[in-house]
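Q: This is the structure, below, for whatever I ask next.
The values are calculated or read from the model by the stated rules, or taken from the named source; none is laboratory data. Source: prediction; values computed, not measured. Note that each Cβ is placed from the backbone with ideal geometry, even for glycine, and that neighbours are counted across all protein chains shown. These area figures cover heavy atoms from the full protein model, side chains too; ligands, DNA and RNA do not enter into them. Shrake-Rupley method; radii C 1.70, N 1.55, O 1.52, S 1.80 Å.
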Amino acid sequence: MKKIIKIIGWGFVILFLGITAYGLFIYQSDPYVKALINNDESKLFYRPVKEVQIMDDLNYSENILTVEDSIKIHTYVFNPKIEPKANIFLIRGNSGNTSVSKELIKPLVNNGFKIYSADWRGFGKSNGVPNYRGIARDTEVAFHDFLNKTEDDSIKTMVYGMSLGGQLAVKLTKDNQDDVDALILDGSLESAHSFIVDNFNGLFESMFIKNAEEYNQNYVAVRDIADIDNTPKLIIHSNKDRAVPLSRGRNIFNSAREPKIFWETSTEHIETLRDLPDETILKLYELISSK
């Protein structure tokens, strides 16, 4: 009996050492798991790309905004060749930069939409390091610059948020309802906590996920959208979205007040404008004519 107990004891020791070794390997080899364990939001939530691609095939202007003494962000305005049908304040997802998203911008510009897009701190030519509160501040400053640039226009104003940018789009619309004529969300996050749950669902990673209250709660799409009154809303979500499950989009839609439309697609994550440009443009035309 003692021999069996000893064997079992050594088995547990070996198992413990194996799990520990595996955990250390994952921690050292996967920067996102390391960020999860250390709660390093600058690496946990954001995937910035500094290299800026050539955008000569688009008619655009570039500007620099001072957000804080040490933070300067780059903004871009893309102009259509025809008379603009609406102004769109575009808030992208957590990866790349504005130039990386040019193929998503082209269908909008080519169909008469004037686009304003900002690179958060740490993205593209913008300096600094991205963080939850910082990108919210960058977005607010850029939005007020957008409003100043378009205040004399007689066309509609739309806020278009993709993925992580969806949360910010909801927050902006909630806080500026008199200035926004329509809200579009594509593959939007439900919350910062939902992003962690959806992207770190392995047994090892799940051990380090904190309670929702321990992540920043300044803007939560599924909560904040309930405070938007009469602004028309188009909520797009794909049933093949592997980054943000379809259920997240449905939760946001269910929390939203009328008028609202839910459009279920079958594209990859936030690839609606690339794969379904004609259908998207038609829905945007309908949206701006509904108010």
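Q: Being part of a strand (DSSP E or B) and either over 21 Å from Ala243 (Cβ atoms) or in contact (Cβ under 8 Å) with a residue 40 or more places away in the chain (or both), is that true of even one residue in region 95-108?
A: Among the residues of region 95-108, at least one is part of a strand (DSSP E or B) and either over 21 Å from Ala243 (Cβ atoms) or in contact (Cβ under 8 Å) with a residue 40 or more places away in the chain (or both), which makes the answer yes.
Q: Which of the numbered conditions does Met158 fail, given that it passes all the others? Conditions: (1) farther than 27 Å from Asp56 by Cβ; (2) touching a helix residue (DSSP H, G or I) at 6+ places or on another chain (Cβ under 9 Å).
A: (1)
Q: Do you know which residues across region 240-254 are open to solvent by 40 Å² or more (accessible area, probe 1.4 Å) and small (Gly, Ala, Ser)?
A: Answer for region 240-254, where residues must be open to solvent by 40 Å² or more (accessible area, probe 1.4 Å) and small (Gly, Ala, Ser): just Ser247.
Q: Moving on. Would a scan of region 127-142 turn up a residue that is more than 17 Å from Val52 (Cβ to Cβ), in contact with a Pro (Cβ under 6 Å, 6 or more places away or on another chain) and β-branched (Val, Ile, Thr)?
A: So far as region 127-142 goes, no, none of its residues is more than 17 Å from Val52 (Cβ to Cβ), in contact with a Pro (Cβ under 6 Å, 6 or more places away or on another chain) and β-branched (Val, Ile, Thr).
Q: Could you list all residues from region 33-69 that are open to solvent by 80 Å² or more (accessible area, probe 1.4 Å), assigned to a loop (DSSP other than H, G, I, E, B) and modelled with pLDDT under 95?
A: Asp56, Asp57, Asp69
Q: Considering each of Arg121, Arg133 in turn, give the residue that is open to solvent by 20 Å² or more (accessible area, probe 1.4 Å) and of a type in the set (Lys, Arg).
A: Arg133
Q: Evaluate region 137-149: report whether one residue or more is at pLDDT below 95, of a type outside the set (S, T, N, Q) and open to solvent by less than 20 Å² (accessible area, probe 1.4 Å).
A: no
Q: Does Lys81 satisfy being part of a loop (DSSP other than H, G, I, E, B) and either touching a residue at least 40 places away in the same chain (Cβ under 8 Å) or open to solvent by 60 Å² or more (accessible area, probe 1.4 Å) (or both)?
A: For Lys81, the condition - part of a loop (DSSP other than H, G, I, E, B) and either touching a residue at least 40 places away in the same chain (Cβ under 8 Å) or open to solvent by 60 Å² or more (accessible area, probe 1.4 Å) (or both) - is met.
Q: Separate question: Kindly list, by first and then second residue, each pair from a residue in region 135-163 that is within 23 Å of Tyr285 (Cβ to Cβ) to a residue that is among the basic types (Lys, Arg) and surrounded by 18 or more Cβ atoms within 10 Å (Cβ to Cβ), limited to pairs with Cβ atoms under 6 Å and residues at least 6 apart or on different chains.
A: These pairs meet every condition: Met162/Arg92.
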